[in-house]
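Taken together, the values in this text are just the output of simple stated rules run on the coordinates, not laboratory data. Everything numeric here is computed off the predicted structure, so don't read it as measured data. Note: ideal-geometry Cβ built from the backbone for every residue, glycine included; neighbour counts use all protein chains shown.
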Amino acid sequence: MELKQTNLAIAFDSAVNAQIQNPGTSLTFSHTCSGSDRILYVMAFTRSDVTTGVTYGGVAMSQVGTTITQGTDRYSIWQLIAPATGANNVVITGGASTSLVIGCSQSYNGAKQSSQPDNNTQQGPTTTATLTSTLTTVADNCWTALFARASSDGITSAGTGTTQRSTTAGLVQGYDSNGAITPAGSTSLQTTQTSQSTTHFMVSIAPAVAAATNSNFFQFM
């Protein structure tokens, strides 16, 4: 008897265009999650102090990677596996000296409910006009997602092989691969901008796995 596992398909769920609290030490905005095997990502930007935490529906999110610093600006990305369905508040909290908070969110269905992200990378700030982030996926049929911000309220746009999901100009923009990467391996997302430095956070999202099934329909004695 041979047991076979099948990767389920990841699908884009929803995105919230970047929100801003200026001045302020925290930002609250609503994001709606739906479907099954959910995962949520939030990019947080704070000025003059670090992001001390991000929650969704009152549940703490986990930081992915490290905080990037550019002058007094701080960039970070946060993840929550199995976020609650429906409309719930994302709350980004900065330290006591925070003077500005920006947030952007994206959610997906069909994601593995443990050991996420599959992989991640970050880079910047850099003044490269066309910035490409590349990572190597571990699981077959991953999707990739990317958040980007250009300094001084610059604007990024989608480059080759990249789909834009959130479009608020001059704040933070969200992107993804809009499809599965198969076979697993090196893959890239890309943004372009004209005159500012850009920061990238990129993750690969592993797909959920269906329950093991018996691939032998009949057994003969």
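Structure values in brief
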item: Nearest-20 debye value, the chain charge dipole, Cβ charges on Lys, Arg, Asp, Glu; result: 140
item: Pairwise FRET efficiency - Ser34 versus Ser115, Cβ, R0 = 25 Å, nearest 0.05; result: 0.60
item: Listed peptides 105-114, 178-187 by packing density, highest first (mean Cβ within 10 Å); result: 105-114, 178-187
item: Protection proxy ranking, peptides 145-152, 189-196, average beta carbon neighbours within 10 Å, highest first; result: 145-152, 189-196
item: Relative contact order, percent, the chain [alpha-carbon distance under 8 Å, six or more residues apart]; result: 28
item: Pairwise label distance in nanometres, Ala169 with Val50, each label 7 Å out on the Cα-Cβ vector; result: 3.5
item: Sequence of Val138, Val101 once ranked by neighbouring C-beta atoms within 10 Å, starting from the fewest; result: Val138, Val101
item: Centroid-to-centroid separation of segment 135-198 and segment 63-94 [C-alpha atoms, Å]; result: 17
item: Listed candidates (i) 17.8; (ii) 19.2; (iii) 18.7 - label of the one calculated as Kirkwood radius over Cα pairs in Å; result: (i)
